Amino acid sequence: MSTIKDVAREAGVSVTTVSHVVNATRPVAPETRERVSDVIRRLGYRPSGIARALKANRTHAIGMLVTTSVNPFFAEVMRGVEAGCFERGYTLILGNTGDVAERLEAYWHTLAARRIDGLVVMTTNASPDFLQQLDSNGVLPVVALDTAEGLVDCVINDDSEMGGRLAGRFLVERGFRRIGCITGPAGHPRGTTRLEAFRAGLTEAGAALDPALVVRSDFTIAGGYRALGELAARPGPLPDALFCINDMLAIGALCAAHERGLRVPDDLSVMGYDDSEIAAYTAPPLTTIRQPAFEMGQAAARVLIEHLDSGTPLPHMLALPPELVERRSVRPRVQ
């Protein structure tokens, strides 16, 4: 492997001159810079990232704390962050927290010790105290995804209020009146926002959400499966349409409906939220609200790296609009 000394010897310049060309730390005569660059390309010289980081006090590494890499939505966001970093010459270091406070703290301290240049946080139930701790560290810029506003330097998410309203209006416009909802744990910020927005969308369209048809769960496929079983065990008939506040819950509900001999969408229409990749391949394919996961990840990397490289101010809030994706899990409107 070629070294900086090999480049200097081949180009007939000093090691210091090669360093200035590589790091752009001092003007170099155009013909000298071109000659050094030609030698670098010919020898395949690659500067030491560690050495450059030590000199510049920069590592060109971004840390990311994420709830889980299993949920396809989170995986797509991570893919977007990684792509955005790679395009701009940065690497991504990932910490999978499982939304456990102790792991969250441990990963944060580990990433900080590795001298990352900035941090992306996507832990859906991170405590306000933890987010405020990040905001007050005074060292690293922090971009948070899909979390509460006002607690970190920059928040990027979809407009969950708009998405919930879209879902509510859509189901009423399809002629449904007995409508249920599988939502998240009590107090979960994103679940609460989507549930209240869904309720508002129903109201705007002239319907109402019966509290007896609302089930709380975790955000997993198993949670959606159990939730439909709980709905089936309650007095009265099942709803005609069911809104699930993420696709994993909806997939679990589809499985439980199939086991109970319910035909989707003839007996029960099911709608999700996120438009994770698997949503297009369920049986039947899932109608859902698309949250632009990959684009959110890319945007997080872009604004953070522009801030690091050019001093561009971080936007306090950046919301990417959701959209309705209609497939076959919701019954067509009866004419």
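The values are calculated or read from the model by the stated rules, or taken from the named source; none is laboratory data. Here the structure is a predicted model, which means the values were calculated and not measured. Quick reminder, even Gly has a Cβ in these numbers, built from the backbone with ideal geometry, and neighbours come from all protein chains shown.
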- Message: Considering only residues that are outside any loop (DSSP other than H, G, I, E, B) and farther than 25 Å from Gly187 by Cα, which ones fall in region 234-259?
- Response: Leu254, Cys255, Ala256, Ala257, His258, Glu259
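Do you know which residues across region 168-214 are assigned to a helix (DSSP H, G or I), among the hydrophobic types (A, V, I, L, M, F, W, C) and out of contact with any Phe, Trp or Tyr (no Cβ under 8 Å at 6 or more places or on another chain)? If you could, list the steps in order and put the result at the bottom.
Keep residues of region 168-214 that are assigned to a helix (DSSP H, G or I), which gives 168-173, 189-204, 211-213.
Then drop every residue that is not among the hydrophobic types (A, V, I, L, M, F, W, C), which leaves 170-172, 195, 197-198, 200, 202, 212-213.
Correct list: Phe170, Val172, Leu195, Ala197, Ala200, Leu202, Ala212, Leu213.
Test Leu318 against the criterion of being part of a helix (DSSP H, G or I) and of a type outside the set (Lys, Arg), and give yes or no.
Details: part of a helix (DSSP H, G or I): no; of a type outside the set (Lys, Arg): yes.
No, not satisfied.
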- Message: So the check is Cβ under 6 Å with 6+ separation or different chains; which pairs have a first residue in region 205-222 that's farther than 21 Å from Pro237 by Cβ and a second one that's polar (S, T, N, Q)?
- Response: Phe219/Asn246
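Among residues belonging to region 142-167 that are crowded, with 19+ Cβ neighbours inside 10 Å and part of a loop (DSSP other than H, G, I, E, B), point out the one that is modelled with the lowest pLDDT. First the steps, then the outcome.
To start, the set of residues in region 142-167 that are crowded, with 19+ Cβ neighbours inside 10 Å comprises 142-147, 151-158, 160, 163-167.
From what's left, part of a loop (DSSP other than H, G, I, E, B): 146-147, 151-153.
Working: Asp146: 72, Thr147: 68, Leu151: 61, Val152: 73, Asp153: 77.
Filtering region 142-167 for residues that are crowded, with 19+ Cβ neighbours inside 10 Å and part of a loop (DSSP other than H, G, I, E, B), the one modelled with the lowest pLDDT comes out as Leu151.
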- Message: Where the second residue is not in a loop (DSSP other than H, G, I, E, B) and the first is charged (D, E, K, R) and lies in region 298-315, which pairs have Cβ atoms under 7 Å and are six or more apart or on separate chains?
- Response: Arg302/Gly84
- Item | Number of the exception - Leu262 against (1) in a helix (DSSP H, G or I); (2) over 18 Å from Glu161 (Cα atoms) | (1)
- Query: Counting only residues that are more than 30 Å from Thr192 (Cα to Cα) and charged (D, E, K, R), how many does region 80-125 have?
  - Reply: 5
- Task: Could you tell me whether any residue of region 235-244 is within 18 Å of the chain's Cα centre (by Cα), within 30 Å of Cys154 (Cα to Cα) and either of a type in the set (Lys, Arg) or buried (at least 21 other Cβ atoms within 10 Å of the Cβ) (or both)?
- Result: no
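Tell me, which residue of region 324-335 that is in contact with a helix residue (DSSP H, G or I) (Cβ under 9 Å, 6 or more places away or on another chain) and either at pLDDT below 95 or in a loop (DSSP other than H, G, I, E, B) (or both) is farthest from Asp153 (Cα to Cα)? It would help to see each step written out before you state the result.
Kept after step one, since they are in contact with a helix residue (DSSP H, G or I) (Cβ under 9 Å, 6 or more places away or on another chain), are these residues of region 324-335: 324-327, 329-330, 333.
Subset that is either at pLDDT below 95 or in a loop (DSSP other than H, G, I, E, B) (or both): 326-327, 329-330, 333.
Details: Glu326: 35, Arg327: 38, Ser329: 39, Val330: 40, Arg333: 45 Å.
Among those residues, the one meeting the criterion is Arg333.
Could you grab me the full set of residues in region 215-233 that are of a type in the set (A, V, I, L, M, F, W, C), within 22 Å of Ala197 (Cα to Cα) and in a helix (DSSP H, G or I)? Before the answer, list the steps.
In the first step, residues of region 215-233 are kept if they are of a type in the set (A, V, I, L, M, F, W, C); the result is 215, 219, 221-222, 227-228, 231-233.
Pick out the ones that are also within 22 Å of Ala197 (Cα to Cα) and you get 215, 219, 227-228, 231.
Across region 215-233, the qualifying residues are Ala227, Leu228, Leu231.
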